[in-house]
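One structure is given here, and the rest of the page talks about it.
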Amino acid sequence: MLEGLVSNLLNRFLGMYVQNFDPKQLNVGIWSGDVKLRDLELRREALDQLHLPINVVEGHLGSLTLSIPWSNLRGKPVQVKIEDVYLLAAPREDQDYNPEDQDKRDHAVKMEKLDSAELLKERSAEGMSQEEQQKNQSFTASLVTAIVDNLQISVKNVHIRYEDSISDPGHPFAAGLTLQELSAVSTDENWKPTFIQSTAAGSTHKLATLGALAIYWDTDAKLLGSGKGSQTAEEQGIDHSTIIDKFRDMIAKKDDTDFGAHQYILKPVTGRAGLEIDKTGKIDRPKMKARLLFNELGFVIDDDQYRDALMLVDLFHYFIRHQEYRKFQPKSSPKEDPRAWLRFATKSVHDKIHERNRRWTWAYFKERRDDRIKYISLFKKKKKEEKLTPEEGTELDQLERKLSYEDLRFWRSLARNQLRKENVGVAKAPQKQTWSSWVWGSKKTEEHPGDETQLTEEQRKELYDAIDFDEKKQIADAVDMPKEAIKLQVDMSLREGSFTLKRDPHGKAIEMLQLVFQGFDTKFLQRTDSMLAEVSLETMKLFDGTTEGNLFPQMLNIKQSISDDKRIEEVKDDDEEDDEPAVDPFFALTFENNPLDGHADTDLVVKLKGMEFVYNPKFVVEVANFFKPPERHMESIGALMES
């Protein structure tokens, strides 16, 4: 039943990133409803999809626990627990380049990306009929509701760290992300943890807790390894158990008050999010409502971090720029063999110009046409489960290595369209249909023989029953939904936030700029045919730390004004208690698309209080110089922005 589908999906996903992974152990666990995997090691090429010169030096997944009550999906929760995820990455050295190994890794990334896209059957709404779009939306909503009702997630102790001693050899640095805890549990209407027995009519409440999420960038740091991705953990003398303990100890905790262990770009963030899903169908209630509450968001950037970031951009730009030519690069140094390097430079420029001109020749057009016809023919034959000859199999593999990801996606879609036309009017036995292809509106005539993720009619009915999905009822409800009905409401509240620029972090640690704001609130409403967004900021302050002994350290001050409501005196009874008036925000913005009253197509309202600003020329110059990169980095920054 559904066990086989989940097993195949997890096998494919874990197989991409985990090297000591036993599919048989996972299959047995899933069919029994209880999966426990411990001490998994991540692949060295797990980060290749980033297309950056990075290797995984050490990767560890402490435990993955998955509990699925197949016999009672509506009565018991699906539990997912992940603990102790640690990853140490470092840049690859240019001398470590192996053309064959690089081509193999690039091809693996391309095919994994292609397989994932084929699995999800990515399609645009333009290719769907109106009925299929309604089915897609209603099925997705029912599936999300069922997941929210039954899914409980717990993630603890996550630490992802990048170490680099190559970008700037004199200044090794380490950047990382840490997370102490992330959990999501079902609650009652008072947001107290409880157990949901079924998906009956009413409201579903889910509470997510975020504990100490932080991002750091330590400059001139003491590295755990060598900071070079070309070396394995053993070659760097890294002991597995020792480094796991170090990773765990370096994670920020919710109760920490001393943040001196790291140079945080994002200080540890703690917050809560409440999700409420209404199932009554009443138009005066949002179908889905989310509330996000954060105590503080603090961002800090110092000049050493900025220096290292520019050097890292240079390294990545060098890698991307030289990647296509490195297979021609001589192994000797320019001093040892200057002639070889001259030939390398000439060939690189010549090949680039030659390839650009070749793309406008009739021979290239003919080659593209022949490749397209041949690939579509072989792909159709493969999908029809017709046996490919060894020569055809080799030719198909060569074409997939030669062609780009975009070409493969487009030509496969052309092949499927041809298969659909060829199968029109042909009597066929009942076929399997993937759950994702049904969700995205593809027809049953799109057969994918041999796809292990296909969903039978029995599995589809089981899935519908598990999530209480009735497509006819869902489509009827969607048609009858009035324009004032709210599909989604998102409220976010941030008590306090700050942005700081530092200078000389390992010395005086001067805070040259500090922007502090309080009472940041946002509200977003998605109705049937309209949208409303509101943003407000209670107060904001700007402090200048560039001038020692400054008489005006606070450069920005909000002028308090008397609101219109306060100007009107109301007669009140003597025994009536006066309520404390609400404080008008410093900044308020309201944007509405297609307002309900129809007075305009778009409505925009902006309110801003008066401000006092103390101008200090030195402050402006210091901040401008802080962000002005040296000339040698301008080319890399320009290339990064263009990409």
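The values are calculated or read from the model by the stated rules, or taken from the named source; none is laboratory data. Small disclaimer: the values here were computed from a predicted structure and weren't measured. When we count neighbours, we look across all protein chains shown, and the Cβ atoms used for this are built from the backbone with ideal geometry, even at glycine. Protein only, heavy atoms only, side chains kept; ligands, DNA and RNA dropped before computing areas. Shrake-Rupley method; radii C 1.70, N 1.55, O 1.52, S 1.80 Å.
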Pair list, Cβ < 8 Å and 6+ apart or interchain, from the stretch 345-374 residues that are without any contact (Cβ under 8 Å) to a residue 40 or more places away in the chain to residues that are part of a helix (DSSP H, G or I) and open to solvent by 80 Å² or more (accessible area, probe 1.4 Å):
371/402
Check off (1) modelled with pLDDT of 75 or more; (2) surrounded by 14 or more Cβ atoms within 10 Å (Cβ to Cβ) for residue 116 and give me the number that stays unchecked.
(1)
Yes or no: residue 560 over 36 Å from the mean Cα position of the chain (by Cα), surrounded by 11 or more Cβ atoms within 10 Å (Cβ to Cβ) and either hydroxyl-bearing (Ser, Thr, Tyr) or modelled with pLDDT of 85 or more (or both)?
no
Please indicate, with yes or no, whether at least one residue in the stretch 350-360 is of a type in the set (A, V, I, L, M, F, W, C), farther than 29 Å from residue 169 by Cα, at pLDDT 85 or above and open to solvent by less than 50 Å² (accessible area, probe 1.4 Å).
no
From 286, 334, 330, which residue is modelled with pLDDT under 90, part of a loop (DSSP other than H, G, I, E, B) and crowded, with 17+ Cβ neighbours inside 10 Å?
286
For residue 157, only one of the following conditions fails: (1) over 28 Å from the mean Cα position of the chain (by Cα); (2) of a type outside the set (D, E, K, R); (3) modelled with pLDDT of 90 or more. What is its number?
(1)
Taking interchain pairs and intrachain pairs at least six residues apart, which have beta carbon atoms under 9 angstrom, with the first residue in the stretch 254-275 and closer than 22 Å to residue 218 by Cβ and open to solvent by 30 Å² or more (accessible area, probe 1.4 Å) and the second of a type in the set (Phe, Trp, Tyr) and modelled with pLDDT under 80?
267/259
Hey, residue 339 at pLDDT 80 or above, farther than 11 Å from residue 167 by Cα and open to solvent by 90 Å² or more (accessible area, probe 1.4 Å) or not:
yes
For the stretch 160-176, indicate whether the set of residues that are among the acidic types (Asp, Glu) and under 30 Å from residue 79 (Cβ atoms) is non-empty.
no
Given (1) within 29 Å of residue 613 (Cα to Cα); (2) in a strand (DSSP E or B), number of the condition residue 489 does not satisfy:
(1)
Mind checking which residues of the stretch 599-608 are modelled with pLDDT under 90 and open to solvent by less than 60 Å² (accessible area, probe 1.4 Å)?
600
Any pair with Cβ under 8 angstrom, 6 or more apart, that starts in the stretch 409-425 at a residue that is more than 20 Å from residue 112 (Cα to Cα) and ends at one that is modelled with pLDDT of 85 or more and open to solvent by 70 Å² or more (accessible area, probe 1.4 Å)
414/372
If you check every pair at least six apart or on different chains, which have Cβ atoms under 7 Å apart with a residue in the stretch 604-618 that is more than 15 Å from residue 515 (Cβ to Cβ) and among the charged types (D, E, K, R) first and a residue that is assigned to a loop (DSSP other than H, G, I, E, B) and open to solvent by 90 Å² or more (accessible area, probe 1.4 Å) second?
609/559; 612/559
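Let's see how each residue does on (1) within 20 Å of the chain's Cα centre (by Cα); (2) modelled with pLDDT of 80 or more:
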{"position": "8", "(1), (2)": "no, no"}
{"position": "28", "(1), (2)": "no, no"}
{"position": "34", "(1), (2)": "no, no"}
{"position": "37", "(1), (2)": "no, yes"}
{"position": "42", "(1), (2)": "yes, yes"}
{"position": "54", "(1), (2)": "yes, yes"}
{"position": "67", "(1), (2)": "no, yes"}
{"position": "74", "(1), (2)": "no, no"}
{"position": "88", "(1), (2)": "yes, yes"}
